[in-house]
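Structure first, commentary second.
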Amino acid sequence: MKIIVRFSNNTHEDLNLEINDNTSCLNLKELIFSHYNDALINNQRIIYMGKLIKDNSILVKNNIKENDYI
């Protein structure tokens, strides 16, 4: 599934990523870090629809769908 990561502080351009149904929030943070090594995992907060997603949460269980912005 394709998602788009938008950075709130505009330090990076939007990042198009391919994830699977078992991707956790922590996995997503690691993937972001692999593209932007200045986006330290401990400093990232994943927010979707105004809600902070916990690291151990599976993304699709938070109703994240194809082509959604995170």
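The values are calculated or read from the model by the stated rules, or taken from the named source; none is laboratory data. Values in this document were obtained by computation on a predicted structure and should not be read as measured data. Quick reminder, even Gly has a Cβ in these numbers, built from the backbone with ideal geometry, and neighbours come from all protein chains shown. Just so you know, the surface numbers come from the protein's heavy atoms only, side chains and all, with ligands and any DNA or RNA stripped out. Shrake-Rupley method; radii C 1.70, N 1.55, O 1.52, S 1.80 Å.
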Note the angle between two axes, namely the Cα long axis of helix 25-35 and the longest principal axis of the Cα atoms of the chain, as a number of degrees from 0 to 90, rounded to the nearest 10.
40 degrees
For the chain, what does the helix formula give at 222 nm: sum of -39500 (n - 2.57) over DSSP H segments with n ≥ 4, over the residue count, nearest 500 deg cm²/dmol?
-5000 deg cm²/dmol
Using a simple spin-label model with points 7 Å from Cα along the Cα→Cβ vector, what separation in nm is obtained for N37 and T11?
1.5 nm
Net charge dipole size for the chain [Lys, Arg +1 and Asp, Glu -1 on Cβ; Debye, nearest 20]
300 debye
Provide the net charge surrounding D55, with neighbours chosen by a C-beta distance below 12 Å and charges set as Lys +1, Arg +1, Asp -1, Glu -1.
+2
Among residues other than N67 whose Cβ falls under 12 Å from its Cβ, what is the net charge (Lys/Arg +1, Asp/Glu -1)?
-2
Work through the residues other than R45 whose Cβ is under 13 Å from its Cβ and net out their charges, Lys, Arg +1 and Asp, Glu -1.
+3
Carbon and sulfur together cover what percent of the accessible area of the chain at a 1.4 Å probe radius?
45 percent
On alpha-carbon atoms, Rg over Rh for the chain using Kirkwood Rh?
0.91
